1. Would it be correct to say that B:D350 is among the acidic types (D, E), surrounded by fewer than 18 Cβ atoms within 10 Å (Cβ to Cβ) and on the phi < 0 side of the Ramachandran plot?
2. So, in segment B:111-136, of the ones that are of a type in the set (V, I, T) and in contact (Cβ under 8 Å) with a residue 12 or more places away in the chain, which residue ends up nearest to B:I157 (Cα to Cα)?
3. Do we have B:V553 as touching a Leu at 6+ places or on another chain (Cβ under 7 Å), of a type in the set (A, V, I, L, M), assigned to a helix (DSSP H, G or I) and surrounded by 21 or more Cβ atoms within 10 Å (Cβ to Cβ) here?
4. For the list (1) closer than 26 Å to A:E212 by Cβ; (2) among the charged types (D, E, K, R); (3) at the interface with chain B (Cβ under 8 Å from one of its Cβ atoms), I need the number of the one condition that A:E65 fails.
5. Any residue in segment A:71-91 that's more than 7 Å from every other protein chain (Cβ to nearest Cβ): show its pairings with residues that are of a type in the set (F, W, Y) and surrounded by 18 or more Cβ atoms within 10 Å (Cβ to Cβ) at Cβ separation under 7 Å, as long as the two are six or more apart or on different chains.
6. From (1) within 12 Å of another protein chain (Cβ to nearest Cβ); (2) on the phi < 0 side of the Ramachandran plot, pick out the condition that doesn't hold for A:Q142.
7. Please enumerate the residues belonging to segment B:424-457 that are in contact (Cβ under 8 Å) with a residue 12 or more places away in the chain and either part of a loop (DSSP other than H, G, I, E, B) or touching a strand residue (DSSP E or B) at 6+ places or on another chain (Cβ under 8 Å) (or both).
Amino acid sequence: MALLQVNEIHTYYGNIHALKGVSFEVDSGEIIALIGSNGAGKTTTLRTISGLMAPREGSILYDGEDISASRAYTLVAKGISMVPEGRGVFAKLTVEENLDMGAYTRRDGGIKADLASAYELFPRLEERKKQVAGTLSGGEQQMLAIARALMARPRLLLLDEPSMGLAPVLVDGVFDTVQRIANEGVTILLVEQNAHMALQIADRGYVLQSGEVAISDTAANLRVNETVQRTYLGID
Amino acid sequence: MNLLRSENARTVLALGLLSGAFILFTGAVGMIAAFHEREIVNDVISLGQLLLLLAPSAAGFIAADRLVKGGAAPREIISGGLVVGLLTALPTVILLLFNSEEYRFLLDLTLKLVPFVVATYYAWKLHGAGSDQRLIIGSWLALVVLIGIVTFSFALIFEIKGDLRGVLPNISRDWVDVVTFDQRKELMTGISTLLLVSLGAGAAGSILFMLPPIPRKALLYGLGITLLVGAFGETVRLILQENVDRDTLKQIFRRDTLRQDPALMLFVVSTAAGFLWAMFGQQARLGFSNLEPSRRRAVNGLGMLIFAALLLMLPWLIGRTLSDVAVTIGIFVLMGLGLNIAIGLAGLLDLGYVTNYAVGAYILAVLTSIGPLGRLDGVFTFWMVIPVALLAAMCAGFIFAVPVLRMRGDYLAIATLGFGEIIGKLAISDWLKPLIGGAQGVQAIPKPIFLGTELKNPEQLYYIVLFASLVTLFVSIRLNNSRTGRQWMAIREDEDVATAMGIDTARAKLLAFTLSAATGGVAGAIFAAKVGTVFPNSFTVFISINVLSLIIVGGIASNPGIVIGAVVLIGLPELLREFSDFRFLMYGALLVIMMIKRPQGFIPSQLVSHEIRAGVKAKIATAD
């Protein structure tokens, strides 16, 4: 059974019909990419899954349980972690405090060990652990946002535009990291405008177009799909 | 013209005009005359005259700083100070002339000339820009007529009223007395004195800046301490009164004013002390930081011990009047620490904090009053009601928090502001009159009784406030470093991301409002017991604004900052009571200056100084 199953969700901003029946599945251990242009509904989909917005219709099953009416903060304890768009680090808190906030819902003894493994994954963060997050570079902030999300020990990691606003050199690094996290057994749902990179690490992908799923296929097939190439990969 | 274009000349001009405007303004609103009432050193200088001296010397000092950076020679710097002094006095001198019988014609002349001068200036500019001749003449005529109408109306007003007082009521004889150094009769001598004093002060300021750092620091310490002691002579006398016999006191003070010899002695001693500190302070600090950690802790502990002892003995040291001020300060420290939970930690801009204060005060009033409204016949004592007041305020905080949970930032501020107003109106309403007395309020609130003694003096009430503040301080330090504190900080930073971390933001905000309200209730109850009566007009929006300001001035989210903020914003106005309305002018000026020069507050919390440094870094980064 799929870890996450999204069935025909309709989400509105006031009167604006943003998601018009989006459905997809994420299986355990997969990397799934949601690609699409600006305003296609990628971020809305993520916000709906993470509970920051509620769908008016449709259901979201996580591990067999309907979470479409759950409040956002309850989902973290269930194993869904989000890296918000624009990174969303707590700019005035130090790196270490940010990471502590990631483990907010946990009360087990493994937090220290996880902190160590976060620093292992991102040695850069250890160098700067006493530094205020707002003074980090964009790439470092992205690392911090991802590391913070991992501190909750998620089964499902939602990544919203991790490459946004980063220098091309850093983008490779971020996708490398995502791949490594997936290898550790974390399921990943990735929203990206950078379709080229996203489809390289993803197992499967969904193309969103004005609030609907236009194409769904394996990443390998999407990479050679003519429409995708023309519209999202910039290949004529 | 070339001279004016240089950066240095412009600096001097701007600073001089600024301090001139300051003198003119403070004179025109009556501040100088009011301040003249308070002498600093007997028969030597008053607070009003100090303003006349302080403005040019401060401007001269700053000008010297800028000129040194601009690479000026010492002679230029002193002449810069002189120019600043001249410009400071100039507007006041002109006003003096306009205001006098003999030179009134100058005002008339100026008013008649102004339209022509301004019109000609613009015509000249148009000519320079190569405009059409007819346009130049036409606009010249139009300007003369337009400005002429304005100045003519001014002239008419003066004509009718006879002197400037019709327009500027505070340009009075008292003002003339102060600015001419009591030479109203011989105006020209007075004006020369003012000019000389101002020139001297400006030059002195610039010379002071050019002194080597150690004597400069020493002199600044000496002057500052002497002037402060003199300006707050009454306060200092009240403190000394407790510990010094009357004859000695009489030798130091004439009524509330420092006598000349003690003032001189104080200046010499404080300058010498400043000199020693400037010479050896650095070494002392270095020596301290070189100490072994255990020794350092011992020194710190000793310091804390002395501080604690001072806090405990404070009422005996400062006497009744100042103890009363200390109790008021303590009440505001309590509220500051409470409101800081909402504003500093959780970032919830609550402008209705007075609600909790009022609830606490009225609860105590109604439950303990032995007057007609206290139907419980004094069954409840102060000590029994304090927890009730605390819980009631928490309930009020909770109830008012529920409807605004989803609001953020400005909207929250407006809504809470409304709640504060609602409480004020409820307190004064006829509807609740049978219960809480409407506009008459509740009277006959008994003082707290502790182990059989009635705590009726401020010296005794002080200990209640001190104890409550220490408990609150302890709780708020613990909160700051707790999981709960962390969740508030996360919400303050970014509510959505906080939710994504698994924080129940609604619950956390409710908790912040409720806990924040608690100390407000206690503060209100102590206030009611201190005053003995509770009136609705004690609970205005100004309470909320005062508490907010003291947090911001002291340093947001910084506990020691809040204490300092309360001392400065609540204590100082109490000591300046005789200046009535000018207190608020100074209060406002202080707030504006603080926000420009030191937005992080007197003692910023680590967090905020991080932020400000980050801001500076970001600025540097973008400048690259």
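1. no
2. Of all residues in segment B:111-136, those of a type in the set (V, I, T) come to B:114, B:117-118, B:120, B:136.
If we keep only those that are in contact (Cβ under 8 Å) with a residue 12 or more places away in the chain as well, we get B:114, B:118, B:120, B:136.
Details: B:V114: 17, B:V118: 22, B:T120: 26, B:I136: 32 Å.
Checked segment B:111-136; the qualifying residue nearest to B:I157 (Cα to Cα) is B:V114.
3. Numbers: touching a Leu at 6+ places or on another chain (Cβ under 7 Å): yes; of a type in the set (A, V, I, L, M): yes; assigned to a helix (DSSP H, G or I): yes; surrounded by 21 or more Cβ atoms within 10 Å (Cβ to Cβ): yes.
For B:V553, the condition - touching a Leu at 6+ places or on another chain (Cβ under 7 Å), of a type in the set (A, V, I, L, M), assigned to a helix (DSSP H, G or I) and surrounded by 21 or more Cβ atoms within 10 Å (Cβ to Cβ) - is met.
4. (3) is the only condition that A:E65 fails.
5. These pairs meet every condition: A:K78/A:Y62; A:I80/A:Y62.
6. So A:Q142 meets the others, but not (1).
7. B:I436, B:G437, B:G441, B:V442, B:Q443, B:A444, B:I445, B:P446, B:K447, B:P448, B:N457
The rows are residues; the columns are (1) on the phi < 0 side of the Ramachandran plot; (2) free of Cβ contacts under 8 Å to residues at least 12 places away in the same chain; (3) of a type outside the set (G, A, S); (4) in contact with a Lys or Arg (Cβ under 8 Å, 6 or more places away or on another chain).
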residue: B:A14; (1), (2), (3), (4): yes, yes, no, no
residue: B:H36; (1), (2), (3), (4): yes, no, yes, no
residue: B:S46; (1), (2), (3), (4): yes, no, no, yes
residue: B:L90; (1), (2), (3), (4): yes, no, yes, no
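The values are calculated or read from the model by the stated rules, or taken from the named source; none is laboratory data. Keep in mind it's a predicted model, so treat the numbers as computed, not measured. Quick reminder, even Gly has a Cβ in these numbers, built from the backbone with ideal geometry, and neighbours come from all protein chains shown.
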